[in-house]
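Undergrad: Below is one structure. I have some questions about it.
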Amino acid sequence: MANIIDGKRLALELREECAKRVSRLKESGVMPRLDVVMVGNDPASEQYVNSRLKDCADIGLLTETHILDENAPEQELTALLDALSANSAVHGILLQMPLPKHFDQDAVLAHITPEKDVDGLTISNAGALFTGREGFAPCTPSSIMHLIKSTGVPLKGKNAVVVGRSIVVGKPAAMLLLAEHATVTICHSRTVELAQHLKQADIVVAAVGVPGLIKGEMLKQGAIVVDAGINRVNGKTVGDVEFDSAENVAGYISPVPGGVGPVTRKILLANTLTAAERANGIR
Ligand code: NDP
């Protein structure tokens with residue numbers, strides 16, 4: 001039976017670490033602050049933002065919320081992002097996605113200075129990840145890496161298969177694994193014989209959005225399996241991995257819910273604190 005990678009426990013540990021970092025910053029006279037920008041009032045986005053604001057308040061991280069009208073001109077949003085980017089009291093900027101259709105998403109994101117892009121969404125931070133420079137990776141792949149590293153298994157030379165190649169999850173997860181010297185294969189919807197790739201994998205990352213796509217019989221004995229998938233099936237949240245069959249084969253497996261999700265939330269806090277530390281020469 002696989003060891004369960006307990007995302008809730010890891011999230012709690014990260015929360016404690018973040019709370020200590022907030023105290024240290026405040027002792028140095030820095031009030032760490034995350035500004036959240038929302039366009040429109042989509043209920044799902046509102047719920048997402050409120051949970052993030054609660055996480056910040058929980059560790060004493062200051063927040064400021066800016067809500068623009070759904071029909072606001074793009075220039076109003078870019079001017080706000082420019083102002084927040086230039087404001088030294090602001091350390092992190094979270095722009096809630098997706099934007100209403102009339103916005104040019106890439107053009108808007110370019111107005112967030114990369115040093116405050118704690119969600120890792122700018123092209124500049126994607127470039128930093130690709131070239132191994134200092135920056136911010138998106139929160140979900142960072143969370144995936146945190147879960148994988150929590151097993152304590154050395155990653156150097158291991159075969160890793162990432163299923164999914166989106167810009168926010170699959171591709172950056174592959175880059176982060178590569179940076180740890182894993183041999184990385186990226187699979188996607190046109191991959192032929194997914195099971196053959198998975199059978200060779202010491203590490204499997206699922207970031208697809210297809211419930212139960214990856215089954216125990218496809219896995220290598222003892223593999224580390226991290227499931228980022230979030231799917232609703234019959235009123236229940238399930239991942240991309242068929243948990244019951246996979247836990248009989250894997251060495252380590254993250255559950256859904258209670259795996260990647262809770263850690264992802266804390267990564268946003270950790271990134272904001274890193275931004276505040278970097279801006280103030282605190283390492
Ligand atoms: P996308 O829809 O952007 O990407 C899905 C990827 O899966 C694509 O690369 C697609 O391939 C690939 N894919 C689809 N079907 C198959 C298949 N049958 N076999 C192999 N590959 C397939 O999704 P995201 O990357 O945004 O999200 C992935 C999952 O992670 C979702 O369930 C999402 O809800 C969840 N998620 C979880 C987060 C968390 O914090 N836990 C945060 C963000 C997302 P192709 O490129 O060829 O189309």
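Every read-out reported here was derived from the displayed coordinates using simple, explicitly stated rules and does not represent laboratory data. The shown structure was predicted, so the numbers you read here are calculated from the model rather than taken from an experiment. For neighbour counting, all protein chains shown are included, and Cβ atoms are generated from backbone atoms with ideal geometry for every residue, glycine included.
Undergrad: Treating the angle as unsigned and between 0 and 90°, give the value, to the nearest 10°, between the Cα long axis of helix 74-86 and the longest Cα principal axis of the chain.
TA: For 74-86 against the chain, the angle is about 90 degrees.
Undergrad: Right, next: For the pair residue 31/residue 188, report the inter-label distance in nm, with labels modelled 7 Å from Cα in the Cβ direction.
TA: Those two pseudo-labels are separated by 4.6 nm.
Undergrad: Restricting to the chain, what percent of DSSP beta bridges are antiparallel, rounded to 5?
TA: Around 10 percent antiparallel, to the nearest 5.
Undergrad: Next question, about the same structure. Under 13 Å from the Cβ of residue 186, count the other residues' Cβ atoms, weight Lys and Arg +1, Asp and Glu -1, and hand me the total.
TA: Around residue 186, the surrounding residues sum to +3.
Undergrad: Another question, then. With Cβ to Cβ distances under 14 Å as the rule, what net charge do the other residues near residue 70 carry (K, R +1; D, E -1)?
TA: -4
Undergrad: When only Cα pairs under 8 Å and 6 or more residues apart are kept, what is the percent relative contact order across the chain?
TA: 23
Undergrad: To test your reading of the geometry: what angle, between 0 and 90 degrees and rounded to tens, separates the Cα axis of helix 7-27 from the longest principal axis of the chain?
TA: Taking the Cα atoms of the chain, the angle to 7-27 is about 30 degrees.
Undergrad: Can you check what the net charge comes to around residue 47, using other residues whose Cβ is under 14 Å from the Cβ of residue 47 (Lys, Arg +1; Asp, Glu -1)?
TA: So the surrounding residues net to 0.
Undergrad: Continuing with the same structure: If each residue of separation counts as 0.36 nm, what is the full-extension length gain between residue 58 and residue 283 once their alpha-carbon separation is subtracted?
TA: Length difference between fully extended and current span is 78.7 nm.
Undergrad: With a ≥ b ≥ c the root eigenvalues of the C-alpha gyration tensor of the range 139-261, is it rounded (a/c under 1.5), prolate (a/b larger than b/c) or oblate?
TA: rounded
Undergrad: I need the calculated FRET efficiency for the pair residue 106 and residue 180, taking r as the beta carbon distance and R₀ as 35 Å, to the nearest 0.05.
TA: So, using R0 = 35 Å, E works out to roughly 0.75.
Undergrad: Cα axis of helix 139-149 to longest principal axis of the chain: angle in degrees, 0 to 90, nearest 10?
TA: So the helix axis and the longest Cα principal axis differ by about 40 degrees.
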